[in-house]
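A.B. asks: Dropping the structure in here first, questions after.
No lab work stands behind these numbers, since they all come straight from the coordinates. Everything numeric here is computed off the predicted structure, so don't read it as measured data. When we count neighbours, we look across all protein chains shown, and the Cβ atoms used for this are built from the backbone with ideal geometry, even at glycine.
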Ligand SMILES: Nc1nc2c(ncn2[C@@H]2O[C@H](COP(=O)(O)OP(=O)(O)OP(=O)(O)O)[C@@H](O)[C@H]2O)c(=O)[nH]1
Ligand SMILES: [Mg+2]
């Protein structure tokens with residue numbers, strides 16, 4: 001399967017079904033009561049996170065995802081059936097954006113997010129019967145479903161991110177630390193996509209996840225090489241591990257990597273330094289590196305030397321950091337879950353010699369109203385009046401005959 005970490009498409013929820021106008025026609029009952037049922041709500045487009053997926057590949061070639069529309073209501077007060085939701089599975093770690101910013105962060109398994117809400121079904125004429133209006137001949141129309149363009153971005157979620165120049169031995173280390181078997185090559189740029197490995201030892205309280213990303217080169221943060229595309233995958237790791245090839249200018253590599261992390265605004269992250277390939281070094285060189293990198297762990301992914309100590313060190317640091325930032329992480333994900341800016345209120349603006357009215361409730365009412373029907377239109381105006389639209393228009397200077405636009409509908413002000 002191809003590793004795809006970005007996808008962009010339009011989601012369109014289903015339209016709500018229209019309410020029905022119907023009258024009960026029973027024998028011997030000359031004037032049956034209104035019995036038009038409600039339209040079903042439109043289906044929503046829903047994203048659900050799953051651990052069964054590791055890439056956004058299933059969504060790479062989508063243009064439009066639609067949910068089903070609601071069925072119209074019918075006589076005998078029968079409600080229309082609800083439109084079916086379109087549920088899309090995405091990997092854990094998927095971020096959802098629209099043009100305005102982050103909508104949701106599906107950072108755990110089995111989280112759902114409604115990206116486009118289905119339109120509400122309209123009420124049938126049965127709902128509008130009152131003691132003074134016993135035979136209403138109008139209904140509401142269903143509302144359109146939400147539609148928006150979204151961008152999904154996958155950020156591989158790991159506890160420890162391995163960062164290093166190409167050929168430093170990151171993939172070899174991942175293989176030595178965990179059960180993962182990433183491709184290892186004796187040429188640079190062997191790793192083309194991020195790989196995860198789970199490090200699970202009986203003595204650890206919890207397993208932890210290590211991410212191996214393609215090697216970085218100087219200028220990666222400006223787009224050189226492959227690494228920069230993948231740096232974001234370690235952006236949320238708790239701990240970064242700089243993997244240096246101990247046999248090939250580790251000081252230069254260290255400086256390059258830190259400059260790239262700085263440019264990618266990742267230099268504040270907790271870091272451990274790993275000197276790999278020490279099997280190639282004599283004692284003198286090892287001693288030199290101990291002095292130059294006093295904090296670093298010396299290992300060999302090939303002979304296994306130092307790997308166990310490294311595993312324990314990473315486990316300890318990742319666990320400590322996890323305990324520290326748990327509450328903050330939860331708070332921020334909660335914040336992101338239901339970001340739904342909806343403009344309430346009411347606003348009137350002059351527009352081309354006429355007036356335009358804005359406001360969620362008002363626009364919904366206008367879409368639902370059956371303006372073709374005289375009775376429906378009358379009720380529409382009554383409710384608009386009750387909502388304060390008529391007063392607001394008068395205040396803004398509207399006079400009878402002026403053109404008024406609400407949503408897509410145009411009227412003459414009366
Ligand atoms: N002698 C020795 N060779 C090693 C060691 N670790 C890795 N290598 C070799 O170094 C080469 C590169 O290893 P990889 O693990 O593919 O390196 P990488 O950092 O993942 O490279 P990219 O994916 O290209 O960024 C391979 O030939 C490995 O066998 C080590 O500890 N000692
Ligand atoms: Mg590799």
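A.B. asks: Given labels modelled 7 Å from the Cα in the Cβ direction, how far is it in nm from residue 258 to residue 57?
C.D. replies: The answer from the label model is 3.9 nm.
A.B. asks: Now for a separate question. To the nearest Å, what is the center-to-center distance of region 66-122 and region 279-314, using C-alpha atoms only?
C.D. replies: Each part's Cα centre sits 52 Å from the other's.
A.B. asks: Can I ask one more? Can you compute the helix-only [θ] at 222 nm over the chain? Use -39500 (n - 2.57) per DSSP H run of at least 4 residues, normalise by all residues, nearest 500 deg cm²/dmol.
C.D. replies: Helix-only estimate at 222 nm: -7500 deg cm²/dmol.
A.B. asks: Which percent of the Cα-Cα distances in the chain go past 37 Å?
C.D. replies: 46 percent
A.B. asks: Pairing the Cα long axis of helix 307-337 with the longest principal axis of the chain, what angle in degrees results, from 0 to 90 and rounded to the nearest 10?
C.D. replies: With both axes taken from Cα atoms, the answer is about 20 degrees.
A.B. asks: Give the percent of DSSP beta bridges with both residues in the chain that are antiparallel, rounded to the nearest 5.
C.D. replies: In the chain, DSSP labels about 55 percent of beta bridges as antiparallel.
A.B. asks: Right, next: Principal axes first, then extents: for the Cα atoms of region 347-412, list largest minus smallest coordinate on each axis, whole Å, largest first.
C.D. replies: Here the Cα extents, ordered largest to smallest, are 27, 23, 20 Å.
A.B. asks: Please express the shape of region 160-333 as an equivalent ellipsoid: the semi-axes are the square roots of 5 times the eigenvalues of the C-alpha gyration tensor, given largest first in whole angstrom.
C.D. replies: With the √(5λ) rule applied to region 160-333, the semi-axes are 23, 20, 16 Å.
A.B. asks: Considering just Cα atoms, how many Å³ per residue does the convex hull of region 226-304 enclose?
C.D. replies: Convex hull of Cα atoms, per residue: 104 Å³.
A.B. asks: Next question. How would 204, 288, 355 line up from fewest to most surrounding beta-carbon atoms within 10 angstrom?
C.D. replies: Result, fewest neighbours first: 288, 204, 355.
A.B. asks: Can I ask one more? Would you mind ranking 410, 305 so that the residue whose beta carbon has the fewest other beta carbons within 10 Å leads the list?
C.D. replies: In order of increasing Cβ crowding within 10 Å: 410, 305.
A.B. asks: When the chain is modelled as a GNM with alpha-carbon springs shorter than 10 Å, which of 127, 171, 350 fluctuates the most?
C.D. replies: 350
A.B. asks: So if R0 is 51 Å, what FRET efficiency would residue 8 and residue 284 give, r being the distance between their Cβ atoms, rounded to the nearest 0.05?
C.D. replies: Once the sixth-power term is evaluated, E becomes 0.40.
A.B. asks: May I pose another question? Which FRET efficiency value, to the nearest 0.05, is calculated for residue 399 and residue 64 with the Förster distance at 45 angstrom and r the Cβ-Cβ distance?
C.D. replies: E between residue 399 and residue 64, to the nearest 0.05, is 0.55.
A.B. asks: Does anyone have the angle between helix 250-263 and the longest principal axis of the chain? Alpha-carbon axes, 0 to 90°, nearest 10?
C.D. replies: It works out to around 20 degrees.
A.B. asks: Once you compute Rg and the Kirkwood Rh from C-alpha atoms, what is the Rg to Rh ratio for region 6-154?
C.D. replies: Value, to two decimals: 1.21.
A.B. asks: Another question about this same structure. Compute a Gaussian network model of the chain, connecting alpha carbons closer than 10 Å, and tell me which residue from 303, 256, 190 fluctuates the most.
C.D. replies: 303
A.B. asks: Counting other beta carbons within 10 Å of each residue's own, what order do 82, 69 fall into, fewest first?
C.D. replies: Ordered from fewest to most neighbouring Cβ atoms within 10 Å, 82, 69 come out as 82, 69.
A.B. asks: Name the most mobile residue of 255, 60, 235, meaning the one with the largest mean-square fluctuation, in a Gaussian network model of the chain with Cα contacts below 10 Å.
C.D. replies: Maximum fluctuation in the GNM of the chain, among the listed residues, is at 255.
A.B. asks: Report the antiparallel proportion of the DSSP beta bridges in region 160-333 as a percent, rounded to a multiple of 5.
C.D. replies: Around 25 percent antiparallel, to the nearest 5.
A.B. asks: Treating the angle as unsigned and between 0 and 90°, give the value, to the nearest 10°, between the Cα long axis of helix 283-292 and the longest Cα principal axis of the chain.
C.D. replies: With rounding to tens, the tilt is 50 degrees.
A.B. asks: If you consider only alpha-carbon coordinates, what radius of gyration and Dmax does region 148-256 have, in Å?
C.D. replies: My reading of the Cα-based Rg and Dmax gives 14.3, 52 Å.
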